[in-house]
Amino acid sequence: MSDEQDQPAKRLRGRLASGVTVWTAGEGREATGLTVASALVTEGEPPRVLGTVGDLAELLDAVRATGCFVVHLLGHDQRQLADRFAGLMPVPGGPLRDVDTRPGPHGPVLSEVGAWAGCRLVDERQVGYPILLEGAIEELALDDLEDPLVWFRGQYRRLGQARAPWQATGPDSALPDR
């Protein structure tokens, strides 16, 4: 698909407000993480988490190797954490370097994040360019997240916040209105 054909899809995606999450997987030196704003939680037995990641993401390799991952729900005050795992803040040694974590049965748990889900990989499939990961929720911790970190129209937002002037923040930024 050409850039011109892809633009309407990017503009549509930019208009869907998304909670910002960090997914972690792996053990020891192989542990890694990635910011994921394309995530969905479904009810069921067991409940499921779905999210899309690029096919070249280190996280995908770690999930495939271990068969599990942890989804962390970020608060608005954790924007730097989101940027770190999105690769916007280069960190020599990987995004988990110097981040307080504890090992868990599904992967590293970020100590400063109080809402997270430990998941077992159920399925993966290519959907367009990214890979859709589906995980069964096996462990859950919820705090009183009152001010979630939200991604909308190419920038972090607060629920109920007025629109800030548009500016590109990377190749996946939502396109401005024309």
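The values are calculated or read from the model by the stated rules, or taken from the named source; none is laboratory data. As the structure is a computational prediction, the values presented were derived from the model and not from experiment. A quick note on method: Cβ atoms are made from the backbone with ideal geometry, for glycine too, and the neighbour counts reach across all protein chains shown.
Within the range 103-115, can one find any residue that is part of a strand (DSSP E or B) and either in contact with a Pro (Cβ under 7 Å, 6 or more places away or on another chain) or not small (Gly, Ala, Ser) (or both)? Checked the range 103-115: at least one residue is part of a strand (DSSP E or B) and either in contact with a Pro (Cβ under 7 Å, 6 or more places away or on another chain) or not small (Gly, Ala, Ser) (or both).
Of all residues in the range 8-21, those that are touching a residue at least 40 places away in the same chain (Cβ under 8 Å) have Cβ atoms under 8 Å from Cβ atoms of residues that are surrounded by 15 or more Cβ atoms within 10 Å (Cβ to Cβ) and in a helix (DSSP H, G or I), 6 or more apart or on another chain, in 20/82. Of the strands (runs of 3 or more DSSP E) lying entirely inside the range 116-176, the ones with 1 or more residues being of a type outside the set (S, T, N, Q) and at pLDDT 95 or above are found at 131-141.
Filtered by the rule that a residue be β-branched (Val, Ile, Thr) and surrounded by 14 or more Cβ atoms within 10 Å (Cβ to Cβ), the range 123-141 gives 131, 137. Of all residues in the range 88-117, those satisfying the criterion of being surrounded by fewer than 21 Cβ atoms within 10 Å (Cβ to Cβ), within 20 Å of residue 29 (Cα to Cα) and in contact (Cβ under 8 Å) with a residue 24 or more places away in the chain are 94, 96, 101, 103, 104, 105, 109.
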